[in-house]
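The values are calculated or read from the model by the stated rules, or taken from the named source; none is laboratory data. Since this is a predicted model, take the numbers as computed values, not measurements. All Cβ positions, even for glycine, are placed from backbone atoms using ideal geometry, and neighbour counts span all protein chains on display. For accessibility, only protein heavy atoms count, side chains too; no ligands or nucleic acids. Shrake-Rupley method; radii C 1.70, N 1.55, O 1.52, S 1.80 Å.
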Amino acid sequence: MNVVVGVDGSAVARNAAAWAAREAARRGCGLRIVYADPTAHPGEEHVRAQVAHWLADAAERVRSDQPDVDVTSAAIPGPPERVLVAESAAAELLVVGDRGFGGFTGLLAGAVAVKVAAHALGSVAVVPDVGDPPTFPTAGPIVAGVDDAESAAPVLAQAFRLADTLGEPLHVVHTWEIVGIDLKWLRSRLPSEEVAEQEQRFLAEVMAGWRERFPGVEVERIVGRGSPVAALINHSTEAQLVVVGAHGRGGVAGAHLGSTSHKLIHHTPAPLLIVRSRH
């Protein structure tokens, strides 16, 4: 399986490709660079030439940075979100930029990144604009957001493995204020100190066993009252990566992407990994 990255010729897309190449090297797999073109037809030679240039440029850049990664590329006709969601079915990881200048298709515009993250069939990484050339942090903690017990296991599995591989600390963040209506109603009738103790116990329970599996990882648990988005953004300013689940206990039934993940796509200063288990 390859890491797959979507590009559109923008600097943000080049950042995403650079980050994806580094991730492919870490995982020991290939990198597939994809341009989705809903306008492609035989009469548009200039479009095809521009797309070919973008793909070649992206491939050249990542090969020079990660020479040991096997790089392939493809221009695929179809709407960007449909093409990339289809690519995610066979991908180790799907990577997109948080936005882009659009090119001919608007591939990495924010709305498309959200749609891809919401409907992908596996995990998705959303890479922010960090300048050109990209300046991703090469040191710093992995930050994991833990919400409900169901989504905690895959998030912690990814976060602990990353922290262990990179030799970096892991900061696990859990907040207890912005939650579902029923739970909020219940908590409003309990003393705040008791609620805080309950949330500390909850995080201790969902993290049980992980430290034993990864004894070399330095772990800091961060529990507090407030918005999960604000807490994760606050703790991600020096992070290499933020890891969250696709859904949360505050999400709407049937929703494809939780509100926390949705908001972090646009606001986190670090690359964001949205973990989704394959079914």
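Does residue 60 satisfy the condition of being of a type outside the set (Gly, Ala, Ser), under 24 Å from residue 129 (Cβ atoms) and without any contact (Cβ under 8 Å) to a residue 40 or more places away in the chain?
Working: of a type outside the set (Gly, Ala, Ser): yes; under 24 Å from residue 129 (Cβ atoms): yes; without any contact (Cβ under 8 Å) to a residue 40 or more places away in the chain: yes.
Criteria met by residue 60.
Provide a single number: the residues in region 127-169 that are out of contact with any Asp or Glu (no Cβ under 8 Å at 6 or more places or on another chain), within 17 Å of residue 237 (Cβ to Cβ) and aliphatic (A, V, I, L, M).
Qualifying residue count, region 127-169: 3.
Among the residues that make up region 245-259, is at least one of them surrounded by 15 or more Cβ atoms within 10 Å (Cβ to Cβ), outside any loop (DSSP other than H, G, I, E, B) and at pLDDT below 85? I'd like the intermediate steps shown before the answer.
Step one: list which residues in region 245-259 are surrounded by 15 or more Cβ atoms within 10 Å (Cβ to Cβ), which gives 245-248, 250-251, 256-259.
Then drop every residue that is not outside any loop (DSSP other than H, G, I, E, B), which leaves 245, 259.
Checking which are at pLDDT below 85 leaves us with 259.
Yes; the residues of region 245-259 include at least one that is surrounded by 15 or more Cβ atoms within 10 Å (Cβ to Cβ), outside any loop (DSSP other than H, G, I, E, B) and at pLDDT below 85.
Is it the case that some residue within region 3-18 is exposed (fewer than 14 other Cβ atoms within 10 Å of the Cβ) and in contact with a Lys or Arg (Cβ under 6 Å, 6 or more places away or on another chain)? Spell out the reasoning first.
Pass one, region 3-18, residues exposed (fewer than 14 other Cβ atoms within 10 Å of the Cβ): none.
Checked against the condition, which is being exposed (fewer than 14 other Cβ atoms within 10 Å of the Cβ) and in contact with a Lys or Arg (Cβ under 6 Å, 6 or more places away or on another chain), region 3-18 yields no hits at all.
If I filter region 92-108 for residues that are modelled with pLDDT under 90, outside any loop (DSSP other than H, G, I, E, B) and crowded, with 24+ Cβ neighbours inside 10 Å, do I get at least one hit? Break it down into steps so the answer makes sense when it comes.
Of all residues in region 92-108, those modelled with pLDDT under 90 come to 97-108.
Now restrict to residues that are outside any loop (DSSP other than H, G, I, E, B): 97.
Pick out the ones that are also crowded, with 24+ Cβ neighbours inside 10 Å and you get 97.
Checked region 92-108: at least one residue is modelled with pLDDT under 90, outside any loop (DSSP other than H, G, I, E, B) and crowded, with 24+ Cβ neighbours inside 10 Å.
What number of residues within region 123-157 satisfy the criterion of being buried (at least 18 other Cβ atoms within 10 Å of the Cβ) and touching a strand residue (DSSP E or B) at 6+ places or on another chain (Cβ under 6 Å)?
Counting residues in region 123-157 that are buried (at least 18 other Cβ atoms within 10 Å of the Cβ) and touching a strand residue (DSSP E or B) at 6+ places or on another chain (Cβ under 6 Å) gives 13.
I'm told residue 51 meets every condition in (1) among the aliphatic types (A, V, I, L, M); (2) under 25 Å from residue 111 (Cα atoms); (3) open to solvent by 20 Å² or more (accessible area, probe 1.4 Å) except one. Can you identify the failing condition by its number?
For residue 51, the exception is condition (3).
Would you pick out the residues in region 189-220 that are within 17 Å of residue 144 (Cα to Cα), open to solvent by less than 30 Å² (accessible area, probe 1.4 Å) and either at pLDDT below 90 or part of a helix (DSSP H, G or I) (or both)?
Within region 189-220, 199, 203, 206, 210 qualify.
For region 72-91, name all the residues that are among the polar types (S, T, N, Q) and surrounded by 17 or more Cβ atoms within 10 Å (Cβ to Cβ).
Going through region 72-91, the residues among the polar types (S, T, N, Q) turn out to be 72-73, 88.
The answer is 73, 88.
Pick from region 32-52 the residues that are of a type in the set (Val, Ile, Thr) and part of a helix (DSSP H, G or I): which of them is modelled with the highest pLDDT?
Of region 32-52, the ones of a type in the set (Val, Ile, Thr) are 33-34, 39, 47, 51.
Okay, now just the ones that are also part of a helix (DSSP H, G or I), so 47, 51.
Details: 47: 76, 51: 87.
In this case the residue turns out to be 51.
For region 3-16, enumerate the residues that are under 15 Å from residue 51 (Cα atoms) and part of a helix (DSSP H, G or I).
If the condition is that a residue be under 15 Å from residue 51 (Cα atoms) and part of a helix (DSSP H, G or I), then 11, 13, 14 are the ones that fit.
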